[in-house]
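Participant: Encoded as structure tokens, here's the structure I'll be asking about.
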Amino acid sequence: MSIPKLWVTVAVFGLLILQAAQIIVVVHRESLTFDEEDHMYAGYRMWTAGDYGLNPEHPPLVKLLATLPVLGQKLWTPPLMGIFFKGEAYVDGQLWLQHNDGASQRLVFRMRLATIALALALSLLIFFATRAWFGVTAALIALTFAVFEPNLLAHSGLVTTDLGCALFFLAAIYTFYRYVKHPNWTTLVIAGLAAGLLLATKHSGILVGPVLPLLAAWEVAVAPKGTRKQLALRLGGACALIAGLSLAVLWSFYGFRYAARPAGLQLIPTLAQYSAGLKPFDQGLIGWAARLHLLPESYLMGLVDIRSMAKDFNTFLLGNWYPHGVLWYFPAVMLIKSTLGLLMALAVTFFALVTGKMNLSIRGGDTIQRDRGRAVVFLLVGAAVFLAVAMVNGLNIGVRHILPVYVVAVILAGAGLAALASKSRGWAWICAVLLAAHIASSLSAFPNPIAYANEAWGGPQDTHLYLSDSNVDWGQELYQVKAWEERHPGEECWFSSFVGGVVSSEMYGVKCHVLPNSMAVIFGSPTIDAVPPVIHGSVLLSASEVAGGTWPSKDLNPYRRFQSMKPDEEIDHGILVYRGDIPMEDAGGVSRAVQAWGKLQKKQAQEALALAEEAVAIAPNNLYAQWSLGDVKAALGKKDEARAAYAKAIEISGHMEPERAAEYAGFIQESMKKL
């Protein structure tokens, strides 16, 4: 039975209004997440200074879109420090927003609102593509799945590139499908534009390169024998033209300029210096592209950064810490962070596919059946390539990196349920129950969808037991930590934020003493307090800090003992609260080591010495404590004592994972050689 067009229109607009309302509620209560400050500031610098060198690890499109609403204001910008590009972007971004916006987040909210347009565009594209492929009923079901998909919702209003990548990945596949079905110059140009927008959104968009030729090869393989040669030539030429047009679109977002930075500035480090750590083949490929100016310098720098970062990232999965990527990370994450309704809908869709109930065909059948078969192949090939590359890449920090797979999942779920619902009233009821279960489960985590986990894993309150980083706590809870303080006036509290050193908790009015986090060790932090050996009161810990995913080794994580402790309370399922008399020796050693290094940078060696000696006294088996003592003794010219401290630090590093032990022993030995 067909659905009247008026009711379809009402349903679509109603779902979009619900989606926008959910996103606005979510982002209005979220503090800045880990990457947003540098994305926002980098986008503003691109508009106002033509500077693409502060955040090259992400292409410009989303950053430029997000900062459009603030271009009409005269905003203060911090002077450039001339440091490592990541540090420059994070520090300058923090200063820029603190000075111009503060805790009000009026500017942040306006920039986030701009990105909501991408989320609404994605939902519309899901509806129209699914309608073209599988019909109106399938499109409405797919749209409903998408509007209430917690992972899509979690990243819909943030100034990050993940949602935009999902949008343009689907756009690239759908427009290529349209070209294959209706080959003409218009559909070809639109396909090229879509691919170009994907490249300009996120570096993983480069996967459109292998996906489209694979789809073209499939079309040739299933074509009648007498037409294959001509079809291969046409589709091969189309792929080449799409590649050329997409590169032109990419270059346009960099102003058709190779240099990442305006005259008088250069990347820090240079592209050649940064790529020196890559494997010879990768380094040579980047160098060749740079010499020929095949891609913008900033884009090439981003490709290098992806390769460099992936090999150094740790993984926290199912309560276990790994010093490397885990091949099955993303399949496991999908089982945890997908609603049971969606997972069961996909299982039902698989049943419909293998039993022929979806009324599609690869070669035979009528035109509608062949078009549906082509659509399923296009979707599955695109999702399979994206997921496979994500699995082997090793950058295991969040489900957000595979949002295009979720887009394919909701479309196929919509198609499968619609096909089965048309077969009998019983199937219709089953499909309605699965869709309702999806909605109810998603709403159970609202308004904090980042921490979503399905009921089989205990729900969002238990997500931190299995996952970390942007799967649970990405720094979004600072408003809620402030509210917790207001509910507990006068209570002594200590707080380790996942974004400490990147986003200021003090800016949001959080008054708890500051505990060290992994970023403080990497970048230093002037706000860290000297942690006592025992805290009498409340300790608030980021779930991501407890998991230790960003600490270089599980043995260096001062909060690893909390992994086996049940928190007394949770704040938005991402901040774990512990009360009582809590031993904190390792955190005490780390905090004083960081303070000692900070004093050394200020040439205050005697004050640094006192802090380093306290660190060793509190935590004699802490690597950071011994290392800082060695550095301070070396600065004071006490070489023998410095060697003894360094030797102890190297001994401690021997208890770390083999790959980390060798790395850190090498760092410390370099310091010893300078004595």
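Participant: If packing is taken as the average number of other Cβ atoms within 10 Å across a peptide's residues, how do 619-627, 90-98 rank, most packed first?
Facilitator: Sorting 619-627, 90-98 by mean packing, highest first, produces 619-627, 90-98.
Participant: Need the C-alpha centroid separation for segment 227-289 versus segment 145-192, integer Å.
Facilitator: 21
Participant: I would also like to ask the following. If one takes the longest principal axis of the Cα atoms in the chain, at what angle in degrees, from 0 to 90 and to the nearest 10, does the Cα axis of helix 623-635 lie?
Facilitator: 50
Participant: Still on this structure, please answer the following. Could you please state, rounded to a whole Å, how far the C-alpha centre of segment 296-336 is from the C-alpha centre of segment 1-47?
Facilitator: Cα centres, segment 296-336 to segment 1-47: 27 Å.
Participant: Just want the answer: with Cβ charges of +1 for Lys and Arg and -1 for Asp and Glu, which residue in Val249, Leu215, Gly264 is farthest toward the dipole's positive end in segment 167-273?
Facilitator: Leu215
Participant: Counting pairs of alpha carbon atoms under 8 Å apart in space and at least six apart in sequence, what relative contact order in percent does segment 345-433 give?
Facilitator: The value is 37 percent.
Participant: Quick check: the distance between the Cα centres of segment 505-569 and segment 466-489, to the nearest angstrom?
Facilitator: When both Cα centres are located, 13 Å separates them.
Participant: At a 1.4 Å probe radius, which order do Ile306, Ile368 fall into by accessible area, largest first?
Facilitator: Values: Ile306 50, Ile368 105 Å².
Ranked from most to least accessible, the order is Ile368, Ile306.
Participant: So, one more: Rounded to the nearest 20 debye, what is the charge dipole size of the chain about its Cα centre when +1 sits on each Lys and Arg Cβ and -1 on each Asp and Glu Cβ?
Facilitator: Values: 52 positive and 50 negative charges, 604 e Å.
Approximately 2900 debye in magnitude.
Participant: Another question about this same structure. Give the residue list of trypsin sites (Lys or Arg not before Pro) in segment 596-631 that are DSSP loop and have at most 16 other beta-carbon atoms within 10 angstrom.
Facilitator: Passing both the DSSP loop test and the Cβ count: Lys602, Lys603.
Participant: While we're on this one: What relative contact order, as a whole-number percentage, does the chain give when Cα pairs under 8 Å and 6 or more residues apart are counted? Before the final figure, lay out each step's value.
Facilitator: Working: 1151 pairs, mean separation 88.5, N = 675.
Answer for the chain is 13 percent.
Participant: Now for a separate question. Per residue of segment 370-375, in order, report the coupling 6.51 cos²θ - 1.76 cosθ + 1.60 (Karplus, θ = phi - 60°) as ³J(HN,Hα) in whole Hz, putting x for Gly and Pro.
Facilitator: 3J(HN,Hα) across segment 370-375, in whole Hz: 5, 5, 5, x, 4, 4.
Participant: I'd like the trypsin sites (Lys or Arg not before Pro) in segment 357-429 restricted to DSSP loop residues with at most 14 other Cβ atoms within 10 Å, sorted by number.
Facilitator: Within segment 357-429, the qualifying trypsin sites (Lys or Arg not before Pro) (loop, at most 14 other Cβ atoms within 10 Å) are Arg363, Lys423.
Participant: In the chain, if the dipole is taken from +1 on Lys/Arg beta carbons and -1 on Asp/Glu beta carbons about the Cα centre, which of Met507, Gly341, Leu417 is farthest to the positive end?
Facilitator: So the residue furthest toward the plus end is Leu417.
Participant: Which order do you get for Trp474, Trp328, Trp321 if you rank them by accessible area with a 1.4 Å probe, largest at the top?
Facilitator: Trp328, Trp321, Trp474
Participant: If ligands, DNA and RNA are left out, what is the accessible area of Ser544 with a 1.4 Å probe, given in Å² to the nearest 10?
Facilitator: Surface open to solvent at Ser544 totals about 0 Å².
Participant: Can you give the % of DSSP beta bridges in the chain that are antiparallel, to the nearest 5? It would help to have the intermediate numbers written out before the result.
Facilitator: Working: 15 of 21 bridges.
Counting only bridges with both partners in the chain, antiparallel ones make up about 70 percent.
Participant: Which of Pro447, His99, Ala390 sits closest to the plus end of the dipole of the chain, meaning its Cα is farthest towards the positive end, when Lys and Arg get +1 and Asp and Glu get -1 on the C-beta?
Facilitator: The one lying farthest along the dipole's positive direction is Ala390.
Participant: So which lysines can Lys63 reach, going by Cα to Cα under 20 Å and dropping same-chain residues fewer than 8 places off?
Facilitator: Lys74, Lys86, Lys202
Participant: Under 16 Å Cα to Cα from Lys482, which lysines show up? Leave out anything in the same chain fewer than 8 places away.
Facilitator: Within the straight-line limit of under 16 Å, Lys482 reaches these lysines: Lys511.
Participant: Summarise the accessible area of the chain (1.4 Å probe, protein heavy atoms) by the percent that is carbon and sulfur.
Facilitator: Looking at the chain in its full context, I get 64 percent from C and S.
Participant: Between beta-carbons, use under 13 Å as the cut-off and find the net charge around Asp101, counting Lys and Arg +1, Asp and Glu -1. Walk me through the intermediate numbers first.
Facilitator: Values: positive: Arg106, Arg110, Arg112; negative: Glu36, Glu37.
Charge balance near Asp101 sits at +1.
Participant: If you don't mind, there's one more thing I want to ask. How much accessible area does Tyr466 have with a 1.4 Å probe, in Å² rounded to the nearest 10?
Facilitator: 60
Participant: Charges at C-beta only: +1 for Lys and Arg, -1 for Asp and Glu. How large is the resulting dipole of segment 1-89 about its Cα centre, in Debye rounded to 20?
Facilitator: The calculated dipole for segment 1-89 is roughly 380 debye.
Participant: Would you kindly find the accessible area of Cys493, with a 1.4 Å probe and non-protein molecules such as ligands, DNA and RNA excluded, rounding to the nearest 10 Å²?
Facilitator: Surface open to solvent at Cys493 totals about 10 Å².
Participant: Excluding residues fewer than 8 places away in the same chain, name every one of the aspartates and glutamates whose C-alpha is closer than 20 Å to that of Lys181.
Facilitator: Cα-Cα hits under 20 Å: Glu219, Asp366, Asp371.
Participant: Moving on to the next point. Return one whole number: the accessible area per residue of the chain in Å², for a 1.4 Å probe. Let's see the in-between values first.
Facilitator: Values: 26360 Å² over 675 residues.
Here the residues of the chain average 39 Å² of exposed surface.
The values are calculated or read from the model by the stated rules, or taken from the named source; none is laboratory data. This one's a predicted model, so the numbers in the text were calculated from it and none came from an experiment. Virtual Cβ from ideal backbone geometry, glycine too; neighbours counted across all protein chains shown. Side chains included, ligands, DNA and RNA excluded: accessible areas come from the protein's heavy atoms. Shrake-Rupley method; radii C 1.70, N 1.55, O 1.52, S 1.80 Å.
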